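Below is one structure, written out as structure tokens; comments come after it.
The values are calculated or read from the model by the stated rules, or taken from the named source; none is laboratory data. Computed from a prediction, not measured in an experiment: that's the story for all the values here. Note that each Cβ is placed from the backbone with ideal geometry, even for glycine, and that neighbours are counted across all protein chains shown. With ligands, DNA and RNA removed, areas are computed over all heavy atoms of the protein, side chains included. Shrake-Rupley method; radii C 1.70, N 1.55, O 1.52, S 1.80 Å.
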Amino acid sequence: MCGRFTLTATPAELEALTALLDLEDFPSRYNIAPTQPILMVIAGPRNEPGSNLPDRRALLVRWGLIPGWAKDPKDMPLLINARSETAAEKASFRAAMRHRRTLVPATGFYEWKRDGSKKSQPYFIRPRGGGIVMFGGLMETWSEPGGSEIDTGAILTTSANGAIAAIHDRMPVVIRPEDFARWLDCRFSEPRDVADLIRPVSPDYFEAIPISDKVNKVANTGPDIQAPATVGAEPTPVTKAPPKDDRQIELF
């Protein structure tokens with residue numbers, strides 16, 4: 001799952017990674033929460049032959065996908081995550097998985113380790129050495145009865161790798177730079193054509209840093225929430241597959 005994440009890279013860094021052009025400035029965000037706006041990268045209109053202009057664009061969407069067929073969002077659960085293993089078949093995500101696959105830029109995410117009846121220990125999970133990670137995402141535009149439209153989105157998740165499974169059994173899908181084009185190409189690539197991209201990322205990709213419970217409060221949005229905290233024994237990586245979780249969505 002992914003219930004909170006962070007994006008502290010600069011627009012220039014994101015432009016360089018994704019080949020976006022004229023990306024609007026945005027602030028560092030240390031505690032992005034459900035229902036807030038999140039940045040997504042999508043495939044843009046096809047360029048004219050010979051053009052060297054970027055064919056991707058960025059947009060802000062509400063984190064919490066609303067299917068196009070939904071009559072009233074109040075009657076829907078908050079769809080912040082989509083299980084990648086079943087998204088192509090689920091009614092809520094099927095159309096987006098086929099036609100509106102996206103990239104969600106982040107510099108890390110937060111996860112909480114539950115240990116029996118003890119208080120959950122939060123971790124900041126980021127790429128080793130820092131940098132931007134791109135999560136696989138889905139976008140859907142929902143039309144209100146009055147005619148106005150709202151862009152909404154969800155982050156795809158997969159089974160946790162051996163390093164993260166000691167903290168939680170799910171993790172975001174990571175799309176590598178060499179796979180951006182294929183993932184975003186919804187004109188010619190169906191879900192089955194990109195199924196190989198939704199596997200857990202290698203165990204050495206992320207590092208997990210224990211932090212304080214400041215991150216628990218959405219109102220805490222400063223960099224101090226990522227300060228390392230002293231805890232007991234570190235999570236022990238596991239090698240066996242994590243237990244199956246049939247829930248489609250969940251919050252931390």
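Results, tabulated for the structure shown:
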item: Scope region 170-185; condition in a loop (DSSP other than H, G, I, E, B), touching a residue at least 60 places away in the same chain (Cβ under 8 Å) and surrounded by fewer than 17 Cβ atoms within 10 Å (Cβ to Cβ); matching residues; result: Asp185
item: Total residues in region 20-47, condition open to solvent by 40 Å² or more (accessible area, probe 1.4 Å), touching a residue at least 60 places away in the same chain (Cβ under 8 Å) and among the aliphatic types (A, V, I, L, M); result: 1
item: Odd one out for Ser189 among (1) over 23 Å from Ala91 (Cα atoms); (2) surrounded by 15 or more Cβ atoms within 10 Å (Cβ to Cβ); (3) modelled with pLDDT under 95; (4) not aliphatic (A, V, I, L, M); result: (1)
item: Strands (runs of 3 or more DSSP E) contained entirely in region 100-151, each with at least 2 residues that are of a type in the set (Ser, Thr, Tyr) and in contact with a Leu (Cβ under 9 Å, 6 or more places away or on another chain); result: none
item: Given (1) touching a Lys or Arg at 6+ places or on another chain (Cβ under 6 Å); (2) exposed (fewer than 14 other Cβ atoms within 10 Å of the Cβ), index of the condition Asp72 fails; result: (1)
item: Count of region 200-227 residues which are exposed (fewer than 14 other Cβ atoms within 10 Å of the Cβ) and either within 18 Å of the chain's Cα centre (by Cα) or in contact (Cβ under 8 Å) with a residue 24 or more places away in the chain (or both); result: 5
item: Boolean, Ala96 is touching a Phe, Trp or Tyr at 6+ places or on another chain (Cβ under 9 Å) and hydrophobic (A, V, I, L, M, F, W, C); result: no
item: Matching option when the condition is under 17 Å from Ala88 (Cα atoms) and touching a residue at least 24 places away in the same chain (Cβ under 8 Å), among Ala165, Ala154, Ala160; result: Ala154
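Let's see how each residue does on (1) under 17 Å from the mean Cα position of the chain (by Cα); (2) within 20 Å of Gly147 (Cα to Cα):
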position: Arg62; (1), (2): yes, yes
position: Met76; (1), (2): no, yes
position: Glu85; (1), (2): yes, no
position: Ala95; (1), (2): no, no
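Listed here are the residues, each with its yes/no results for (1) in contact with a His (Cβ under 9 Å, 6 or more places away or on another chain); (2) open to solvent by less than 30 Å² (accessible area, probe 1.4 Å); (3) under 19 Å from Arg56 (Cβ atoms); (4) aromatic (Phe, Trp, Tyr).
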position: Glu111; (1), (2), (3), (4): yes, yes, no, no
position: Phe124; (1), (2), (3), (4): no, yes, no, yes
position: Gly129; (1), (2), (3), (4): no, no, no, no
position: Met134; (1), (2), (3), (4): no, yes, yes, no
position: Asp151; (1), (2), (3), (4): no, no, yes, no
position: Gly162; (1), (2), (3), (4): no, yes, no, no
position: Ala165; (1), (2), (3), (4): no, yes, no, no
